Amino acid sequence: MLPNGLRVVFRPLPGRRTACLGVTMHVGSRHERAGEEGAAHLVEHLAFRDTARYSATQITDMRERLGGGFEAGTEKEFTSYTATVPAHAAWRALDLLASQVREPLFREDDVARERRIVLQELSEAEEDFEDRTGVLAEELLFGGALGREIAGSRRSVRALDHSAIRRFHRRTYSPKRAVVFAVGDVDRRRLGREVERLFGDWNGRAAPAAAPLTLPDRMRAKVLRRSSSSAQVVLAFPGMAGTASDRELQTQGVLSAMLGATEGSRLFHAIRDHAALAYNVESYTSVYTDVGLFAISFGVPGGGVRRALEIALREMRALCEHPTPGEFARAIESLEARMLLDAESPWLIGREEARSALLGRKVSSVEARLRSLRAITLDDVRALAHQLFTARCAVLAMVGEPRLPAPQRWLRERLRAGYFVPSSGQKP
């Protein structure tokens, strides 16, 4: 760690011809104040316009010359800038990343150009029912900044000028909220010198943490009517937060794999293969610092919404009552394979190391995580399914033309007290 609070993560991968370097900021759309909605995303866009040391043309030229492996992304709690380049070009890439993070100029004409691009992104997102339904589910469950579209709204983006964006950057981009990482065949001592040269004089106070959330105490449902013959549906429950243990988070992953995250899962077979209601159905999780979400998602003809939801609830209840050893073993094996594949990706290694450093978590070795995964039992999965699915604040989000009158009443009636309680003789 540098004296200014900047953390540095290094993971050597000898023998590689490439290196992945990046700067991860503990800054995202959740850290925007009223009137700043969309600022975090615009800052990330403007990092590829003029900076104090590079013009936009020079940035584009360097990206192309080094293979085009420069990426950036804004999330609700993090913003990342990464470069995957030939190992010999690592220090050129790090120099550019430092300038993009620390020195964007936010020229008024650049802001106007990127504002138009973001407005187009928002228009396209509005037409993407799957994306819109996911945002709506988090709006119902979390509300506030965590429940908003990351890019903001058309209104908020139009209102953001270069002064507001510069103020957001100055307030939130600080070495105390940043990690520089390098993964690959790079020299550790050289890394230390380069980070000191590029970031050692960076100053800034740590921005205050986002306000904690209070989940609703009742079930909620909302429909965004869109002209369509189909409907996209998300049924969501509070999930594991980032404060959960590795074992709890892994157990949630096993539950998701068994329920809907793989093609061998219950929902895929029941809703897609057997009932032929949907081309794609899945379960997924979102993990934030202090809250989380566990959801199922599918798109079906409007008249098939009720039936698909009934099937989903039936399979969820079955997982609480009698999950099978076969599906459990398949989920464990699938997650083991994914873990081993991810361990070969420098980008994923850097991402995990950086975020863990920002959150004060220790990254376990692949071997330790495999041991932890293999120690999970079928009873662990059943107990977690019962815990998640009996929450009082399940939400139902739908976009399109679902034929489901009074969806909030339907949800409340179906998830009445005791619906997910195992039958007599079954362990909770």
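For region 99-134, enumerate the residues that are in a helix (DSSP H, G or I), out of contact with any His (no Cβ under 7 Å at 6 or more places or on another chain) and closer than 11 Å to Ala47 by Cβ.
Ser99, Gln100, Val101, Arg102, Asp110
How many residues are surrounded by fewer than 22 Cβ atoms within 10 Å (Cβ to Cβ) and either touching a Lys or Arg at 6+ places or on another chain (Cβ under 7 Å) or not β-branched (Val, Ile, Thr) (or both) when one looks only at region 254-265?
2
Which numbered condition in (1) more than 20 Å from the chain's Cα centre (by Cα); (2) more than 19 Å from Ser334 (Cβ to Cβ); (3) surrounded by fewer than 20 Cβ atoms within 10 Å (Cβ to Cβ); (4) not basic (Lys, Arg) is the only one that Ser245 fails?
That leaves (1) as the condition not met.
Yes or no, residue by residue, for (1) closer than 19 Å to Thr285 by Cα; (2) touching a Phe, Trp or Tyr at 6+ places or on another chain (Cβ under 9 Å); (3) modelled with pLDDT of 95 or more:
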residue: Ala72; (1), (2), (3): no, yes, yes
residue: Ser80; (1), (2), (3): no, no, yes
residue: Val101; (1), (2), (3): no, yes, yes
residue: Arg113; (1), (2), (3): no, no, yes
residue: Arg116; (1), (2), (3): no, no, yes
residue: Leu140; (1), (2), (3): yes, no, yes
residue: Leu160; (1), (2), (3): no, yes, yes
residue: His169; (1), (2), (3): no, yes, yes
residue: Pro175; (1), (2), (3): no, yes, yes
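Mind telling me which of the residues Arg33, Arg16 ends up being under 27 Å from Gly147 (Cβ atoms) and at pLDDT below 95?
Only one candidate qualifies: Arg33.
For region 92-114, give me each residue that is touching a strand residue (DSSP E or B) at 6+ places or on another chain (Cβ under 9 Å) and among the basic types (Lys, Arg).
Arg92, Arg102
Name the one entry in Gly68, Gly22 that is assigned to a strand (DSSP E or B) and not assigned by TED's automatic domain parsing to the domain that holds Val291.
Gly22
If you check every pair at least six apart or on different chains, which have Cβ atoms under 8 Å apart with a residue in region 101-127 that is over 27 Å from Ala83 (Cβ atoms) and assigned by TED's automatic domain parsing to the domain that holds Gly38 first and a residue that is loosely packed, with under 15 Cβ neighbours inside 10 Å and among the acidic types (Asp, Glu) second?
Partner pairs satisfying both residue conditions: Glu108/Asp161.
Could you go through region 73-81 and let me know if any residue there is in contact (Cβ under 8 Å) with a residue 40 or more places away in the chain and aromatic (Phe, Trp, Tyr).
Checked against the condition, which is being in contact (Cβ under 8 Å) with a residue 40 or more places away in the chain and aromatic (Phe, Trp, Tyr), region 73-81 yields at least one hit.
Given the conditions (1) in contact with a Ser or Thr (Cβ under 8 Å, 6 or more places away or on another chain); (2) among the hydrophobic types (A, V, I, L, M, F, W, C); (3) part of a strand (DSSP E or B), and given that Ile150 satisfies all but one, which numbered condition is not satisfied?
(3)
Being out of contact with any Leu (no Cβ under 7 Å at 6 or more places or on another chain), surrounded by 17 or more Cβ atoms within 10 Å (Cβ to Cβ) and among the hydrophobic types (A, V, I, L, M, F, W, C) is the filter here, so list the residues in region 266-282 that pass it.
If the condition is that a residue be out of contact with any Leu (no Cβ under 7 Å at 6 or more places or on another chain), surrounded by 17 or more Cβ atoms within 10 Å (Cβ to Cβ) and among the hydrophobic types (A, V, I, L, M, F, W, C), then Phe268, Ala270, Leu277, Ala278 are the ones that fit.
Regarding Gln387, is this residue more than 30 Å from Val179 (Cα to Cα), of a type outside the set (Phe, Trp, Tyr) and under 24 Å from the mean Cα position of the chain (by Cα)?
On the way: more than 30 Å from Val179 (Cα to Cα): yes; of a type outside the set (Phe, Trp, Tyr): yes; under 24 Å from the mean Cα position of the chain (by Cα): yes.
Criteria met by Gln387.
Scan region 354-403 for residues that are buried (at least 21 other Cβ atoms within 10 Å of the Cβ) and assigned to a loop (DSSP other than H, G, I, E, B) and jot them down.
Passing the criteria: Ile376, Ala394, Pro402.
Name the one entry in Arg226, Arg220, Arg188, Arg197 that is in contact with a Cys (Cβ under 9 Å, 6 or more places away or on another chain) and either surrounded by 19 or more Cβ atoms within 10 Å (Cβ to Cβ) or among the charged types (D, E, K, R) (or both).
Criteria check complete, one pass: Arg220.
Return the residues of region 231-280 that are closer than 23 Å to Pro407 by Cβ, touching a residue at least 40 places away in the same chain (Cβ under 8 Å) and among the hydrophobic types (A, V, I, L, M, F, W, C); say none if nothing qualifies.
Ala231, Val233, Val234, Leu235, Ala236, Phe237, Leu259, Leu267, Ala270, Ile271
The values are calculated or read from the model by the stated rules, or taken from the named source; none is laboratory data. Model, not experiment: these values are computed from the prediction. Please note: Cβ atoms are built from the backbone with ideal geometry, for glycine as well, and neighbour counts cover all protein chains shown.
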